[in-house]
Amino acid sequence: MEKEKRLSDSVADEILNMITIEKRFQPGDKLPNENELSTTLQISRTTLREAIRILATNGVLEIQRGRGTFVAGHLNIASNVILEPLASRDKVTAKDLYEMRLIFEPEAAYLAALRASDRERRRIADLGRQVEAKILSGENRANEEQAFHKSIAKATHNEFMRQLMPVIYKAIDKGILLSENNDQVVQDTLSDHRMIVDFLEAGNAEGARSAMKIHILHAMQSLGLGTEL
């Protein structure tokens, strides 16, 4: 049953990609019938029904009795707000979250070093100082660190990154909450953030990428999540 549940989650994500990324279906479109879609996706009809139920619960699909399943007419394909509840499902583990950050954030730091405006660089540096001040005073740093990482993602000025931000932000928020009481992560954060800010302010893209990767790998190692990527 658990394996079937995980498969249905994966299929829900695949159908969501068909709608939002591949644009196979537009708001108001009717999905193919069960036999056709389950054959296309190479899954059982039971798994397909569960995946459709997940998407219907999240407002992506509408099941109309006697007519079929339709992409929600109000769905805004240009907005990935619909991704946030999917990214929040209980099946997402701490390792999933940190791997998500490891895939995206070093590249975000690379692009931010190249593209951030002077105002954005000042904002990132200021948030870095705020995180450091919170750590040195023994106060909770979660809000400031979330803002620090999000400001870097915004400074990429990349439209696709912007579309992915609801998912990336969720990974950042949960990751920071998981690590905020880990002393080793806290100490690594002090040195890692200084290094990230220094490279960003210097416009050193390769250095910013490496510094961010080191920062996330430090957290994964301290939390026992492994770093075999």
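The values are calculated or read from the model by the stated rules, or taken from the named source; none is laboratory data. Bear in mind that the values here come from a model prediction, so they are computed numbers and not experimental data. In this analysis, Cβ positions are derived from the backbone assuming ideal geometry, glycine residues included, and neighbour counts consider all displayed protein chains.
Assorted remarks:
- The lone exception for residue 224 - which of (1) in contact (Cβ under 8 Å) with a residue 60 or more places away in the chain; (2) on the phi > 0 side of the Ramachandran plot it fails: (1)
This table checks each residue for (1) outside any loop (DSSP other than H, G, I, E, B); (2) outside the structural domain of residue 164 (by TED's automatic domain parsing); (3) at pLDDT below 85.
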site	(1), (2), (3)
6	yes, yes, yes
11	yes, yes, no
22	no, yes, yes
28	no, yes, no
35	yes, yes, no
47	yes, yes, no
66	no, yes, no
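- The helices (runs of 4 or more DSSP H) located wholly in the range 140-229 that include 2 or more residues which are at pLDDT 80 or above, in the same structural domain as residue 109 (by TED's automatic domain parsing) and buried (at least 19 other Cβ atoms within 10 Å of the Cβ) occupy 142-154, 183-202, 205-222.
- Restricting the range 111-152 to residues that are under 19 Å from residue 203 (Cβ atoms) and acidic (Asp, Glu) leaves a set whose member that is nearest to the chain's Cα centre (by Cα) is 120.
- Residue 89, sole failed condition from (1) of a type in the set (Lys, Arg); (2) in a helix (DSSP H, G or I); (3) modelled with pLDDT under 85: (2)
- Filtering the range 108-122 to residues that are surrounded by fewer than 19 Cβ atoms within 10 Å (Cβ to Cβ) and under 21 Å from residue 216 (Cα atoms) leaves only 114.
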